[in-house]
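Asker: Sharing a structure with you now.
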């Protein structure tokens, strides 16, 4: 009987230990598997307050609407800030990218709202020597960080994906469109490709005119990303050759772009706020 009692006691302790272990096991694997489904609140705000323009190439944000929903945005931001480095490390590559892109765009809206409606450009924000992008105004992965940290210390060097420049939004008309939906791992490649085609197809920011290919300054500022990214572009001309069909409807011009025999110029960047209006 003693042996049976001991066995029962041992088994009970084992069951309790296993149960407690189940409670306190790190949640990273499950969290990572389901993370794409945790953007519902963020996507709801985007769908409510971001609209494509009639040409479906640019979008505008209703910052007045975001301001009215500031409490909901705050919850979204708190959700991003609650993710630990350990959890993030458990994400897949595309999940990490989606997390960082969504966080960048959400915190960009937050910094705009910090002064809205009394500003015409994001460049009016931040201190003299730091600017809005170097301002460490939020917590992410357990530490205080800036928008520049997300873009230049995480997304650009760690993932070598040049199309990320059409995903992160700087709240400006010159910037590629702010998507009215959240980025997710399952849609990452499709959304990045769609973003490239919309951006390069926008005649106000990229166009073939006067025998020249006139493109956004993004392709000058981040030329090295496109030439050293993971899409097989050896030089910037390769990018435009791939997307020649959206850059112009003129067949002769398309052939010149594909043959990489066209000169390239860069257009002025419009830093005006991408606002729907007051």
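Each value in this text was obtained by applying a stated rule to the coordinates, not by laboratory testing. Remember, predicted model here, so these are calculated numbers, not experimental data. Every residue, glycine as well, gets a Cβ built from its backbone with ideal geometry; the counts of neighbours run over all protein chains shown.
Asker: Could you work out the relative contact order of the stretch 159-246, using alpha carbon pairs under 8 angstrom and six or more residues apart, expressed as a whole percent?
Answerer: RCO, the stretch 159-246: 29 percent.
Asker: Can you tell me how the stretch 69-207 classifies by the Cα gyration tensor, rounded, prolate or oblate, using a/c under 1.5 as the rounded cut?
Answerer: Details: a/c = 1.55, a/b = 1.02, b/c = 1.53.
It comes out oblate by the Cα gyration axes.
Asker: Provide the gained length on full extension for the span residue 189 to residue 228, in nm with one decimal, where the gain is 0.36 nm per separating residue minus the Cα-Cα distance.
Answerer: So the chain would gain 12.3 nm between residue 189 and residue 228.
Asker: Same structure again: Please give the FRET efficiency for residue 249 paired with residue 47, using the beta carbon to beta carbon distance and R0 = 25 Å, rounded to the nearest 0.05.
Answerer: Efficiency for this residue pair is about 0.20.
Asker: I would also like to ask the following. Rounded to the nearest 0.05, what FRET efficiency is calculated for residue 84 and residue 265 with R0 set to 51 Å and r the Cβ-Cβ distance?
Answerer: Numbers: r = 46 Å, r/R0 = 0.90.
Given R0 = 51 Å and the Cβ-Cβ separation, E is 0.65.
Asker: Turning to a different aspect of this structure: Can you compute the FRET efficiency between residue 272 and residue 92 using 1/(1 + (r/R0)^6), with r the Cβ-Cβ distance and R0 = 35 Å? Round to the nearest 0.05. The partial results should precede the final answer.
Answerer: Details: r = 37 Å, r/R0 = 1.05.
The formula returns an efficiency of 0.45 here.
Asker: Just the Kirkwood number for the stretch 149-278, please: inverse of mean 1/r across all distinct Cα pairs, in Å, one decimal.
Answerer: Radius from the Kirkwood sum: 15.3 Å.
Asker: Please check which bits of the stretch 183-227 a label hung off residue 134 would reach, taking the label as a point 7 Å along Cα-to-C-beta and the cut-off as backbone N under 20 Å.
Answerer: 221-222
Asker: Next up: For 186, 252, which order do you get if you count the other beta carbons within 10 Å of each Cβ and list the fewest first?
Answerer: So the residues, fewest neighbours to most, are 252, 186.
Asker: How much length is gained on full extension from residue 68 to residue 181, taking 0.36 nm per residue of separation minus their Cα-Cα distance?
Answerer: Extra length available between residue 68 and residue 181 comes to 38.8 nm.
Asker: Give me 149, 271 sorted ascending by neighbouring Cβ count inside 10 Å, so fewest comes first.
Answerer: With the fewest neighbours first, 149, 271 line up as 271, 149.
Asker: Separate question: For each of 104, 243, 39, count neighbouring Cβ atoms within 10 Å of the residue's Cβ, then give the residues from fewest to most.
Answerer: Details: 104 24, 243 17, 39 21.
Arranged by neighbour count, lowest to highest, 104, 243, 39 become 243, 39, 104.
Asker: Further question on the same structure: Among rounded, prolate and oblate, which fits the stretch 206-268 when a ≥ b ≥ c are the square roots of the eigenvalues of its C-alpha gyration tensor, a/c under 1.5 means rounded, and a/b larger than b/c means prolate? Before the final figure, lay out each step's value.
Answerer: Details: a/c = 2.20, a/b = 1.35, b/c = 1.63.
It is oblate, given that a/c is not under 1.5 and a/b is not larger than b/c.
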